[in-house]
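Report on one structure; see the data block that follows.
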Amino acid sequence: MHQGRTTLSKFLIQQLKGSPEQSDLAALLVDIAACIKAISAMTSKGMLGDVLGSLDSTNVQGETQKKLDVLSNVAFINTFSMGGLVAGLASEEVDDPQEIDPQDGSGRFLAIFDPLDGSSNIDVNVSVGSIFSILRAPDGRAPTVDDYLRPGSEQLAAGYAIYGPATMMVITVGKGTHGFTLDREVGNFILTHPHIEVPADTSEFAINASNERFWEPPIQRYVAECKAGKNDVRARDFNMRWIASMVAEVHRILMRGGVFMYPRDMKDPSKAGRLRLMYEANPMTMVVEQAGGLGSTGRSRILDISPDEIHQRVPVILGSRNEVERIERYHRDYDSGADQRYTSPLFQERSLFAN
Ligand code: AHG
Ligand code: MN
Ligand code: MN
């Protein structure tokens, strides 16, 4: 009955052959899959597992840590520390990058991750996920912070796990985006979604609409037009979704199209956005772009950004190609003065949004 099923390991051996770096990358992704199985087991226990609720601690961004944030972080750190393939790691839940003790000097990679994404959903039993990004480590020396601060276009691999009704792992090594479903009884990830393609057009958008009054005019314009529906410029009706877990949102978009937005806003002008470039925006953009979608800040391609710091935030507009391009056009129209509409008094000071 299980004949002909492609396991993650078999798939990776096929996709990553040819060089020692490629086979090490395959081994690393298998290690990450094992970690994801462990986190999946923890999250699925719910109230029975003593894993819910918050701790007294906060992370570097001042967010209260959930028990599962910390447990998932430890699971990833143990995986990378013991696997011998990673020279250093950076995490949402760790202030500064950590060097991994070189056991045999062969750690070729840097691992950057959000161990548990959407953690406000944990206590209410709604989907959460994990996100990871893999960069090349420097050759023959210990990594410095600058070695992590590479544009997303240099990622060797990226992916996420979603702990939903089924646990899935969606990955790319730069050769398309592929989805695997965890067969819990057997303990294997099975290739169930080869060559995922994000439809170029969509009638579905995802944004936290409670921030509407803080958005910039181009985002206000886009959402207003979607909401105006079939009798307005878009000539069709749109649906809106908001799960408050980027992983779950992006997963839906990979499965059936859509556009996800966490744009720059004026809620806290000191922050460039809500989401973090290195362990949320970059890996999720690589996954989406390898599936034919696009990732943008509204003004530039996410994967081209040269990071300044590990925990840097960035505006994110991600998903179906034609919608992302439309939103980029609305930003250009606004910045060039071509579009005078949607200019609320809040946004008169253009300089607040310079760059
Ligand atoms: P995390 O749980 O890792 O801190 O990330 C949560 C992020 C992201 O997944 C989600 O899209 C967004 O925060 C939700 O923000 P709101 O609470 O503003 O909706
Ligand atoms: Mn997150
Ligand atoms: Mn997180």
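Please indicate, with yes or no, whether at least one residue in the range 15-25 is away from ligand 3 (no atom under 16 Å from the Cβ), among the aliphatic types (A, V, I, L, M) and loosely packed, with under 12 Cβ neighbours inside 10 Å. No, the range 15-25 has no match at all. Within the range 189-244, if we keep just the residues that are without any contact (Cβ under 8 Å) to a residue 12 or more places away in the chain and part of a loop (DSSP other than H, G, I, E, B), the residue that is least open to solvent (accessible area, probe 1.4 Å) turns out to be ARG234. Pairing each residue of the range 109-129 that is within 18 Å of GLU63 (Cβ to Cβ) and of a type in the set (D, E, K, R) with any residue that is more than 12 Å from ligand 2 (Cβ to nearest atom) and not in a strand (DSSP E or B), provided the two are 6+ apart or on different chains, yields C-beta distances under 7 Å for ASP123/LEU52; ASP123/GLY53. For the range 273-288, the count of residues that are within 23 Å of ASN211 (Cα to Cα), in a strand (DSSP E or B) and touching a strand residue (DSSP E or B) at 6+ places or on another chain (Cβ under 8 Å) is at least one. The residues on offer are GLU197, GLU216, and the sole one that is under 20 Å from HIS178 (Cβ atoms) and among the acidic types (Asp, Glu) is GLU197. One residue stands out among those in the range 203-237 that are in contact with a strand residue (DSSP E or B) (Cβ under 6 Å, 6 or more places away or on another chain) and closer than 15 Å to VAL324 by Cα: the one that is farthest from ligand 2 (Cβ to nearest atom), which is CYS226. Of the listed requirements (1) in a loop (DSSP other than H, G, I, E, B); (2) away from ligand 1 (no atom under 14 Å from the Cβ), ASP268 misses just one: (2).
Does GLN65 meet the test of being in a strand (DSSP E or B) and within 11 Å of ligand 3 (Cβ to nearest atom)? In short, yes.
Can you report the number of residues in the range 118-151 which are among the hydroxyl-bearing types (Ser, Thr, Tyr), more than 16 Å from ligand 3 (Cβ to nearest atom) and more than 21 Å from THR79 (Cβ to Cβ)? Qualifying residue count, the range 118-151: 1.
If you take the residues of the range 87-131 that are assigned to a loop (DSSP other than H, G, I, E, B) and within 16 Å of ligand 1 (Cβ to nearest atom), which of them is surrounded by the most Cβ atoms within 10 Å (Cβ to Cβ)? Result: GLU92.
Could you say whether any residue in the range 120-129 is under 17 Å from GLU21 (Cβ atoms) and at pLDDT below 95? No, the conditions are met nowhere in the range 120-129.
Close Cβ contacts (under 6 Å, 6 or more residues apart or on different chains) running from residues in the range 257-270 that are of a type in the set (Val, Ile, Thr) to residues that are part of a strand (DSSP E or B) comprise VAL259/PHE205; VAL259/GLY319. One residue stands out in the range 245-268 among those that are within 16 Å of ligand 3 (Cβ to nearest atom) and not aromatic (Phe, Trp, Tyr): the one that is surrounded by the most Cβ atoms within 10 Å (Cβ to Cβ), namely VAL250. Can you tell me which residue in the range 132-164 is nearest to ligand 1 (Cβ to nearest atom), limited to those that are open to solvent by less than 10 Å² (accessible area, probe 1.4 Å) and of a type in the set (Phe, Trp, Tyr)? Filtering first and then ranking leaves TYR160. Taking the criterion of being hydroxyl-bearing (Ser, Thr, Tyr) and part of a loop (DSSP other than H, G, I, E, B), the only residue of the range 132-151 that qualifies is THR144. Checked against (1) open to solvent by 20 Å² or more (accessible area, probe 1.4 Å); (2) away from ligand 1 (no atom under 16 Å from the Cβ); (3) polar (S, T, N, Q), THR177 meets all criteria but (1).
Can you confirm whether the range 36-45 contains a residue that is away from ligand 1 (no atom under 14 Å from the Cβ) and free of Cβ contacts under 8 Å to residues at least 24 places away in the same chain? Lay out the reasoning, then the answer.
From the range 36-45, those away from ligand 1 (no atom under 14 Å from the Cβ) are 36-38, 40-42, 44-45; that's our starting set.
Now narrow it down to the ones that are free of Cβ contacts under 8 Å to residues at least 24 places away in the same chain: 41, 45.
Yes, that holds for at least one residue.
The values are calculated or read from the model by the stated rules, or taken from the named source; none is laboratory data. Owing to the predicted nature of the structure, the values given are computational and were not obtained by experimental measurement. Cβ atoms come from the backbone with ideal geometry, glycine included; neighbour counts cover every protein chain shown. Heads up: the accessible areas ignore ligands, DNA and RNA and are worked out on the full protein's heavy atoms, side chains in. Shrake-Rupley method; radii C 1.70, N 1.55, O 1.52, S 1.80 Å.
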